[in-house]
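No lab work stands behind these numbers, since they all come straight from the coordinates. Model, not experiment: these values are computed from the prediction. Glycine gets a Cβ as well: all are built from the backbone with ideal geometry, and neighbour counts include every protein chain shown.
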Amino acid sequence: MAASESSDAASDASAVEDRKRTPNEMAALKGLLQYLRDEEFQMEVAHWAFQHCNKFPRTMDPEDWEHPLELTTLHKEYRELFESRAEAFMTDTGFSKDKILAETKELFEEEREFGEPRGLFDAITASEDYLAFC
């Protein structure tokens, strides 16, 4: 890693550490996590995965095969599961999409550093990144 990249990474980490959330922001973020950890929602995601994940090749790198339209459509469905859940949360709390996305990304990064189970983080990341999903 170049010295400037190392310096940038250090300043990014410092910015996250220096960022203080208001009690209202923290309550909203924890509320969103609870919405996403809800057992009924988790069962909905698991059911979707059970029905569709076997359609994706697991023995090949996602960049090495042609992706049929069906698979990109399935990824869009998966993403919509999380988006609709987050939209319901935002409707209930009045938080804006841009604000909650930025704050949630930071919170997930912090929780991952402190030992939070990765399952929810990985599921949300996969909903946003098609190649990670594959």
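Mind giving me the FRET efficiency for Phe41 and Asp61? R0 is 41 Å, r the Cβ-Cβ distance, nearest 0.05 is fine. If you can, show how the numbers build up before the last one.
Details: r = 31 Å, r/R0 = 0.75.
With R0 = 41 Å, the Cβ-Cβ based efficiency is 0.85.
Note on Lys99: lysines with a C-alpha under 20 Å away, same-chain residues under 8 apart excluded, are Lys20, Lys30.
For the ranges 39-46, 68-75, what's the packing order if you count other beta-carbon atoms within 10 Å of each residue, average per peptide, and put the highest first? All intermediate terms of the calculation are to be shown ahead of the outcome.
Numbers: 39-46: 11.8, 68-75: 13.5.
Going by the mean number of other Cβ atoms within 10 Å, highest first, we get 68-75, 39-46.
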